[in-house]
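Data first, discussion second: the structure below is written as structure tokens.
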Amino acid sequence: MHDKKSHIVGIDLGTTNSLIAYMDGTAPRIIRDASGRAALPSIVSFDESGDTSKVLVGEKAKEKLVSCPERTIYSVKRFMGKGREDLEEDLQLIPFTLVGEEKEAIRIAIGEKRYTPPEISAFVLRELKSRAEAALQAPVSKAVITVPAYFNDSQRQATKDAGRLAGLEVLRIVNEPTAASLAYGLQKEKEGIIAIYDLGGGTFDISILKIRNGIFEVLSTNGDTHLGGDDFDQALVRMVRDEVLEQHKVNLNQIPELLQQARLISEDIKCQLSTKTSATFVLALPKGLGAYRREIQKKEFEALIQGLVKRTLSSCKRALADAGLKVDDVKEVVLVGGSTRIPLVKESVAALFKQTPHSELDPDEVVAMGAAIQADILSGGLSDLLLLDVTPLSLGIETMGGVVSRLIPRNATIPTSAKESFSTFVDGQQSVSIHVVQGEREMVTDCRSLAKFNLTGIDPMPAGMPRIEVNFLIDANGILNVTAKDLRSGRAQSIEVKPTYGLSDEETEDMIATSMEHAKEDMEKRILVELKNEAETVLRHSEKALKQGTDLLDDEEKHKIETAIADLKTALSNQQGKAIREGLNRLDESTQKLAGDLMSRSVKEALQDKRLTDVEG
Amino acid sequence: MNIVPEKSGLKSGLDEGLSFFNKEETKRPCWSCESEVEDLYNCSHCTALQQFLKDTDYFTLFELGYLLTIDLDVLEKQYYVLSRKFHPDYYQKTSEEEQMISLENTAHLTRAYRTLKDPKKRMAYLIQLTGQEGDVPAAAPAELFEEILEIQEHLEALEAASSDEQAQWMTALEADLEAMEGHRDAAGEKLKALSFEWDGLEVFRIDHSYSNQQRNCLKEMQRILSHDSYLDRIVEEIREALDEVG
């Protein structure tokens, strides 16, 4: 057997679809499924039992969107690292149930069980992992996963957690547009300033990069983690929902199946309108109410999404301003993400940058390819390339009066760090709490709360005497790490971290442990199901054989087989795996002679038949 | 303000091929193999990446003199060279300790580059480094107090204005914006002149023994820099207010 090189894979964990790629020599290659599909729909469907061994992922889950809307989870990426208060607007258009307290990670309710978004994403990642393992004929345990450039710390952390839950060591979190630039730059060996406009299913990013001597330096990035193709669909859904309510007095919000259907039709209409000037929306209403039918003009659709497209252009302008550049400085614009197929999007980008944007590389596949390239860089392959990315949002801490003191500005190249000294307010105070926020606003309440830290074990001293230096370090994944040192004693200070929207390390460990337990449980369940199927088949055959060969058996043999059949039936009804296996073996043993006799008789008969035919013929 | 990239007559250390590190001062034992390290970044014995010398200032890190006019192209090249030495991408397979050093060195490097790349941040850093003055807070130039008060009134008026009145206040603020940008550009020019002045004063060491002339130059830089930050902020404020209605 040839040497099994361990591959580091690149994964594009998308809102609508996910892809996995690896480096095949010097070229990134997308791993496809048996039917040649590159994209795995990021959809996870549970059946009524909620049993994790019966979870469907991808195309099969997609088929359940309309029939089981309450238990089929899509676009979970939009909920990563988020709390209930972030999602109020979405809640009414989502057919499944989201639960959670304020300032806490949101959870998805499936029957009695509660799943965090990373746990749902982990199902998708596991599916990709096994797809890659089957294709590469080797275990896959390390990955580079991409995220939207504008993802904040909690969202990145959640993505990393999802990887860990799926049994993957996440070597690097890479920004999607930056990954795309790697794939694009590698292909063309470009130099100069390029803009990557990435409009996906659920998120939008714009990144401005400078490529020089193999160094890909991101100058600035901007975006919206809640703006993408999904929103275009929803704009259509809202219009249809209002019209159905007015014309047919049917409230789609109360019928999840219909709402889901409307969403899927909207998606289809959107795609049709990329090549046609009009498309027909037909939605069958509940019995006796007929159907909603409506011709939608391209212009009408464009009017619906114009505001959203305009928002992406404002982000582009802000990114340019942050990079200290003008439109004319941008040498090339690259389109990434499925939503850039919409003509209005293409035209708007072309008008803003005064040039025809590039879309030679498949906008759906280019991010995963870039992730594979970064994976190769990390494994020491492509050492000429180096990616210097930035942190999208400023990092600060809360000071007196709820004002943010900024420590690291947005668009700072990462890894980067900042130091800040803290002291106590009252005599003998032994701990200090620090609130870390991310965002561009002046007040803490307008920024994103990332985490609260408690510095503990400070020696009791008069107020203001202790000097604790806290080092905030943003690593190459764009994730914050905090360390603290007592400057007087030189001792490392212990820190207790409470991520606001994420999972603590302990929670993640617990989940991994439970999923391992479940994995064992799931495996056992699967084996039992297979055994039962086998037993039923064997029973059927044995009973048939007994009837056919009854003349070939003496009483003792007959009795032995009948007992074995009865025993296996008992084991089967008791659902005991071990007893089923044993019963199967015994039945098998007892019927061996009969099977042989039957076989030779049928052969004999066949031969006789043949001879007869020969004679006749 | 744009001090660079025009090339001044003054050269950076890189162009001259000078090293601003004193060989004797950089000698220390390698954290990994404990043999004496002479090379700046890697142990000559076991090649392990070394941590920066404590208190290596940004100018020294980039092997530049204490100069305020820097050729940005040279700075960028040096940044790329150092990035290729330190970046965590290249230390994925090394020990955890070495990975940590790579991460910290890179974090320090990017911070240094961010500071030196921007002429104003570079100047503020120099002021801090020389210990002459503390922070450089934004402060309104005294001679502009009246103008600034008026702008605040205009801003408030625009916010409270009905849609018919908006146009009037927008026109006023557009004029304010132009005036403030003018003041800011003037401050920028002054800073540019001060940078040249400083570079002509030939400061080679940061040891807190400066001539009166050098001290005065630092003081003046700090004063103008505070004004400049303030003007930057108010320009931004007016722009945002105009964007919001427009």
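The values are calculated or read from the model by the stated rules, or taken from the named source; none is laboratory data. Predicted, not measured: the structure shown is a model, and the values here were computed from it. Every residue, glycine as well, gets a Cβ built from its backbone with ideal geometry; the counts of neighbours run over all protein chains shown. In case anyone asks, the SASA skips ligands and DNA or RNA and just uses the protein heavy atoms, side chains included. Shrake-Rupley method; radii C 1.70, N 1.55, O 1.52, S 1.80 Å.
Quick one: buried accessible area between B and A, total over both chains, 1.4 angstrom probe, nearest 100 Å²?
Values: alone 14080 and 29240 Å², together 41150 Å².
So the total buried area for this chain pair works out to about 2200 Å².
Given the -39500 (n - 2.57) contribution per DSSP H run of 4+ residues, what per-residue ellipticity at 222 nm results for chain A, rounded to the nearest 500 deg cm²/dmol? Present the calculation step by step, with values, prior to reporting the outcome.
Numbers: 14 runs with 249 residues, N = 617.
Value at 222 nm, helices only: -13500 deg cm²/dmol.
5 Å is the cut-off here: which amide hydrogens, built 1.01 Å from N in the peptide plane, fall below it relative to residue A:382, excluding neighbours closer than 5 in sequence?
The answer is A:377.
Can you compute 3J(HN,Hα) from phi for each residue in the range A:200-205, using the Karplus curve 6.51 cos²θ - 1.76 cosθ + 1.60 with θ = phi - 60°, rounded to whole Hz and x for Gly and Pro?
Working through the residues one at a time gives x, x, x, 9, 10, 9 Hz.
Roughly speaking, to the nearest percent, how much of the protein assembly as shown's 1.4 Å accessible area is carbon and sulfur? Kindly include the intermediate steps, with their values, before the conclusion.
Numbers: 20120 of 41150 Å².
Here it works out to 49 percent.
With a sphere of radius 14 Å drawn around the Cβ of residue A:557, what net charge do the other residues whose Cβ falls strictly inside it have (Lys, Arg +1; Asp, Glu -1)? Mind dumping the intermediate values first?
Values: positive: A:558, A:560, A:586, A:593; negative: A:551, A:554, A:555, A:556, A:562, A:589, A:597.
With Lys, Arg at +1 and Asp, Glu at -1, the neighbours total -3.
Threshold 50 Å², probe 1.4 Å: give the residues of the range B:78-95, in number order, that are less accessible with all protein chains present than with their chain alone.
So the qualifying set is B:80, B:84, B:87, B:89, B:90, B:92.
Classify the range A:529-586 from the C-alpha gyration tensor, please: rounded if a/c falls under 1.5, else prolate or oblate depending on whether a/b exceeds b/c.
prolate
Which trypsin sites (Lys or Arg not before Pro) in the range B:66-151 pass both tests, a DSSP loop state and at most 10 other beta-carbon atoms within 10 Å?
Taking the range B:66-151 and a limit of 10 other Cβ atoms within 10 Å, the loop trypsin sites (Lys or Arg not before Pro) found are B:93.
Can you give me the pair-distance distribution of the protein assembly as shown, C-alpha pairs, 10 Å bins, whole percents?
2, 10, 17, 21, 18, 13, 8, 5, 3, 2, 1, 0, 0
Per residue, how much accessible area does the protein assembly as shown have with a 1.4 Å probe, in Å²?
48
If eta is 1.306 mPa s and T is 10 °C, what Stokes-Einstein diffusion coefficient results for the range A:100-228, Kirkwood Rh from Cα pairs, in µm²/s? Numbers along the way, then the final one.
Working: Rh = 16.5 Å.
Translational D for this selection: 96 µm²/s.
Please compare each pair in A:276/A:310; A:54/A:129; A:77/A:160; A:82/A:270; A:485/B:120 to a cut-off of 24 Å on the Cα-Cα distance and tell me which ones are over it. Mind dumping the intermediate values first?
Working: A:276/A:310 22 Å; A:54/A:129 18 Å; A:77/A:160 13 Å; A:82/A:270 28 Å; A:485/B:120 31 Å.
A:82/A:270; A:485/B:120, as the Cα separations exceed 24 Å there.
Residue A:493's amide H: which non-local residues (gap 5+, or another chain) put their own amide H closer than 5 Å, with H modeled 1.01 Å from N in plane and none for Pro or chain starts?
Residues meeting the criterion, in which the H sits 1.01 Å from N, are A:484, A:485, A:486.
Rounded to whole Hz and in sequence order, give me ³J(HN,Hα) for the range A:6-18 from the Karplus expression 6.51 cos²θ - 1.76 cosθ + 1.60, θ = phi - 60°, writing x for Gly and Pro.
Karplus-based 3J(HN,Hα) across the range A:6-18 equals 7, 8, 9, 9, x, 10, 9, 8, x, 5, 9, 10, 10 Hz.
What are the trypsin sites (Lys or Arg not before Pro) within the range A:271-379 that DSSP puts in a loop, where the Cβ has at most 13 other Cβ atoms within 10 Å? Intermediate values should be presented prior to the final figure.
Numbers: sites: A:276, A:287, A:293, A:294, A:298, A:299, A:310, A:311, A:317, A:318, A:326, A:331, A:341, A:346, A:354; in loops: A:276, A:287, A:326, A:331, A:354.
Here the trypsin sites (Lys or Arg not before Pro) that fit, given the DSSP loop and packing criteria, are A:276, A:287, A:326, A:354.
Would you work out the relative contact order for chain A, in percent, from Cα pairs under 8 angstrom that are 6 or more residues apart? Write out the running numbers ahead of the final one.
Details: 1183 pairs, mean separation 78.3, N = 617.
So the answer I get is 13 percent.
For the range B:97-172 and the range A:524-549, what is the separation of their Cα centres, given in Å?
Each part's Cα centre sits 78 Å from the other's.
Sum up the charges of everything whose Cβ sits under 12 Å from the Cβ of residue A:356, counting Lys and Arg as +1 and Asp and Glu as -1, but leave residue A:356 out. Display every interim value, and only then the final one.
Working: positive: A:346, A:354; negative: A:332, A:347, A:360.
Around residue A:356, the surrounding residues sum to -1.
Taking N as the number of residues in the range A:393-503, what value does Rg over Cα atoms divided by 2.2 N^0.38 Å take?
1.06
For residue B:68, which sequence-distant residues (separation of 5 or more, or a different chain) have an amide H within less than 5 Å of its own amide H, given hydrogens modelled in the peptide plane?
B:199
On a straight-distance basis, which lysines could pair with residue A:569 in a cross-link, Cα separation under 24 angstrom, same-chain partners fewer than 8 positions away excluded?
Within the straight-line limit of under 24 Å, residue A:569 reaches these lysines: A:525, A:532, A:544, A:547, A:558, A:560, A:578, A:593.
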